[in-house]
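*Asks:* The structure's right below; bear with me while I get my questions together.
What follows draws every value from the coordinates through simple rules; no lab data is involved. Bear in mind the structure is a predicted one, so any value in this text is a computation, not a measurement. Neighbour counts are summed over all protein chains in view; Cβ atoms, including those assigned to glycine, are modelled from backbone coordinates with ideal geometry.
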Amino acid sequence: MAARELTVPDLGDFAEVEVIEVLVKAGDTVDVEDPLITLETEKASMDVPATEAGRIVSVAVSVGDRVSAGDVIATLEPAAGEQAAAAPEREAGADAEEAPAREQRPEAQAAPRESARPAADATHSADVVVIGAGPGGYTAAFRAADLGLKVILVERWPTLGGVCLNVGCIPSKALLHAAKVVDDAAAMAEHGIHFGKPRIDAAKLGAWKNGVVGKLTGGLVQLARQRKVTVLQATAKFESAHRLVLDNGETVHFEHCIIAAGSESARLPDTPDDPRIVDSTGALELDPLPKRLLVVGGGIIGLEMACVYNALGTKVSVVELTDSLMPGTDADLVRPFRKFIESRYEAIMLNTKVTAMRPTVPGIEVTFEGENAPEKEIYDRVLVAIGRRANGDRLDAEKAGVKVGRNGIIEVDKQQRTNVPHIFAIGDLAGGPMLAHKASHEGKIAAEVAAGKKSAFDARAIPSVAYTDPEIAWTGLTETRAKAEGIAYEKKQIPWSASGRALSLGRPEGFTKLLFDPETGRILGGGIVGPSAGDLISEVSLAVEMGADAADVALTIHPHPTLSETVMFAAEAYEGTLTDLYMPRKR
Ligand SMILES: Cc1cc2nc3c(=O)[nH]c(=O)nc-3n(C[C@H](O)[C@H](O)[C@H](O)COP(=O)(O)OP(=O)(O)OC[C@H]3O[C@@H](n4cnc5c(N)ncnc54)[C@H](O)[C@@H]3O)c2cc1C
């Protein structure tokens, strides 16, 4: 195969630049993006990467040389079968030994040729720039800094923490805690303790919630400072494969970029513009509390907010297009929750669609269509919670050569690389479940790969939790997926009516189930319904990750009386050693 010349790219404002380091020698094998030489101007240094993969035949420059655009750096014999513009096989080859094989790799391609103005003429330059300071972005930035990289974190909002800390996980959980206190206090009336009707000061409750958020977002500022991560408040877009342009006119030159721009609430078409129609962010503002609330969408986010409003005295109705609440979740896990809310909520309308919303003086007039569709109804507030949409298509990513799916999702490989190998995507916009803990896990991987480590996403289980009352949590294999994919499993389920702790909490309606590989007894997944299910599920996740089998969990001594015993009981049931319940052995 004919040798090719690797040349100095366009140097922007500089005619000649000094070579301060030569990083390759004849005989070396290089991949696309591997640095060949380092150039230095009076302002900054920059690596010149290989534009093709192959074996270096000869090197034409030495330290101290002054080079211009077009000068030959080295000649290279292209790798066999390698297209000039193909993506590096590096990860697929070298990493395969240590990192798990990729299931899918986005079709790689070289980034459009960089306008290659060096770092020197950009306002800022970094080894790693992260777009978005949500749980994915700040985790990636902090990990990259801990690994010794120069990091810039660009966030358009005035506070760090993204959706999760500002308008998602944290404020909703603060309100859910308040709701639980109200519900628990009311439930004690049955057992002889009467607190009376709570007096709700929605403004004060909101201020407390905001205080919790403020503590956490302020903490992130400290953590960024301690790590010397530069935080820029601006909206970033790509200008090229190595440069971002910010909405304040500044530019950032980067070696690696981690896209962590998250997602936003999906909108119902033709929704009128009225402050009484809100998304999840608007729903976190409680004051004034509505008398009647309609939640459009029976997913987790809508149902969590429904729990909050119900506990605070609002009459809540839920309308869901499909035939179940929390679509996609194992039906048995949702059933106790459904039963719990049935008598508490004004209406739960499944297989029903909202066809129109009309603002009127007394409230929002909503028209429905479907199986149990009521006549027109008027609500003081309507929460539209029909899912979230990824922000991948808001960044001019195509200018960097990054492929973005139609729904704003950016496809990545197991190392979180997009089709442009030095640009990564993580979190809500990288596909998969839109969860904070998945985003932060991916953030660490992207940062580590950017720092040259052979990390990869190989988690067996991503737990999901609905912090409703009762809580619902699941991890690893679900029965829904096992049935859809024909995966064999054996299930053991422990009703919480057999748990002394659940009875003493007055909450016997929950249960714990584990799914086992029928051949090996290995724990494949599990689900839990009941108070603290979200905390309890971690043991099942650990079991799945570690490849634990039933005996591992059954022989682990669990403290008594705790809800965690129910996980051990399910494993004992599989082993045939359970004594707290009578379950005749089948095997
Ligand atoms: C009400 C609610 C409750 C939730 N509860 C939970 C929960 O209990 N548990 C859970 O795991 N998940 C929960 N989630 C989901 C969770 O919030 C998200 O999965 C998580 O925040 C995703 O993190 P991320 O880093 O991908 O993006 P995000 O948190 O969305 O952060 C993205 C950041 O990027 C910034 N950004 C976007 N574009 C640009 C740009 N061009 N330039 C600069 N900055 C930009 C945004 O301003 C934002 O700060 C909840 C979500 C909501 C709405």
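*Asks:* If you take the square roots of the eigenvalues of the alpha-carbon gyration tensor of segment 277-386 and sort them as a ≥ b ≥ c, do you get rounded (a/c under 1.5), prolate (a/b over b/c) or oblate? Please list the in-between numbers first.
*Replies:* Working: a/c = 1.74, a/b = 1.25, b/c = 1.39.
Oblate, because a/c is 1.5 or more while a/b does not exceed b/c.
*Asks:* Which GluC sites (Glu not before Pro) in segment 434-539 pass both tests, a DSSP loop state and at most 16 other beta-carbon atoms within 10 Å?
*Replies:* Those that pass, being in a loop and sparsely packed, are GLU519.
*Asks:* Testing the spin-label approximation: label points 7 Å from Cα along Cα→Cβ at ASP47 and ALA2. State their distance in nm.
*Replies:* 3.0
*Asks:* Continuing with the same structure: For LYS438, give me every one of the lysines with a C-alpha distance below 17 angstrom, ignoring sequence neighbours fewer than eight places off in its own chain.
*Replies:* LYS414
*Asks:* Still on this structure: With viscosity set to 1.002 mPa s at 20 °C, what whole-number translational diffusion coefficient in µm²/s follows for the chain from Stokes-Einstein and a Kirkwood radius over Cα pairs?
*Replies:* 80
*Asks:* Same structure, new question: More than 19 Å apart: what percent of Cα pairs in segment 4-82 qualify?
*Replies:* Result: 29 percent of Cα pairs exceed 19 Å.
*Asks:* With a point put 7 Å past each Cα toward its Cβ, work out how far ASP247 is from SER538 in nm, to one decimal.
*Replies:* Label-label distance for ASP247 and SER538, simple model: 3.7 nm.
*Asks:* Using 1/(1 + (r/R0)^6) with R0 = 35 angstrom and r between the beta carbons of HIS560 and ASN210, what's the FRET efficiency to the nearest 0.05?
*Replies:* Working from the Cβ atoms, E equals 0.30.
*Asks:* Using Cα pairs closer than 8 Å and at least 6 residues apart in sequence, work out the relative contact order for the chain, in percent.
*Replies:* 12
*Asks:* Continuing with this model, one more query. Cross-link list LYS180/LYS315; LYS173/LYS491; LYS197/LYS315; LYS215/LYS291: which exceed 23 angstrom alpha carbon to alpha carbon?
*Replies:* LYS173/LYS491; LYS215/LYS291
*Asks:* Sticking with this structure for a sec: Just from its helices, what would the mean residue ellipticity at 222 nm be for the chain, if runs of 4 or more DSSP H residues each count -39500 (n - 2.57) and the sum is divided by every residue, rounded to the nearest 500 deg cm²/dmol?
*Replies:* Working: 13 runs with 147 residues, N = 587.
My calculation for the chain gives -7500 deg cm²/dmol from helical runs alone.
*Asks:* For segment 464-575, just the Cα set please: Rg and Dmax, both in angstrom.
*Replies:* Answer for segment 464-575, Rg first and Dmax second: 13.0, 39 Å.
*Asks:* Let me ask another. What is the fewest-to-most order of HIS437, HIS422, HIS191 by other Cβ atoms lying within 10 Å of their Cβ?
*Replies:* HIS191, HIS437, HIS422
*Asks:* Span-like helices, the chain: DSSP H, alpha-carbon axial extent 24 Å or more, mean Kyte-Doolittle 0.5 or greater, which ones?
*Replies:* Length and hydropathy pass: 169-187.
*Asks:* Now, a different point. How would you order 385-393, 364-372 from highest to lowest mean count of nearby Cβ atoms within 10 Å?
*Replies:* Result, highest mean first: 385-393, 364-372.
*Asks:* Can you give the direction-averaged projected area of the convex hull of the alpha-carbon atoms in segment 119-208, in nm²?
*Replies:* 8.8
*Asks:* Now for a separate question. Which percentage, to the nearest 5, of the DSSP beta bridges contained in the chain is antiparallel?
*Replies:* 65
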